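Step one of this worksheet: look at the structure below.
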């Protein structure tokens with residue numbers, strides 16, 4: 001083997017090592033993003049008119065990220081209630097106006113909240 005071909009082989013091995021470390025690092029960063037509590041809810045800002053609320057209209061709120069399983073809660077049950085299962089909650093407005101909050105909390109205690117305005 002000549003010095004040139006040996007040097008070329010070493011360079012190729014080094015490039016492959018650097019590329020594999022970058023790939024592993026990028027994957028780890030993505031996993032860390034989830035582990036670091038990045039939980040979101042969608043939609044996160046909901047507005048109901050009184051007429052819409054009285055038409056028995058519901059909205060589905062979905063949680064993403066974080067660490068499942070999610071626990072759902074609603075701040076003011078006199079303004080609206082939720083039925084939840086897994087990553088979704090269905091919000092049903094009551095015969096009231098005002099503000100409400102629906103919160104999803106993941107298994108690590110991280111949370112995200114949807115704001116609901118009924119006018």
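Read-outs throughout are calculated quantities, based only on the coordinates presented, and are distinct from any laboratory measurement. Predicted, not measured: the structure shown is a model, and the values here were computed from it. Positions of Cβ are generated from backbone atoms using ideal geometry, with glycine treated the same way; all protein chains shown enter the neighbour counts.
Things to note:
- Highest mean first, the peptides 93-103, 47-57 sorted by other C-beta atoms within 10 Å per residue fall in the order 93-103, 47-57.
- If the segment from residue 95 to residue 108 were pulled out straight at 0.36 nm per residue, it would be longer than the present Cα-Cα gap by 1.2 nm.
- If you model the stretch 39-118 as an ellipsoid using its alpha carbon gyration tensor, with each semi-axis the square root of five times an eigenvalue, the axes come out at 23, 10, 10 Å, biggest first.
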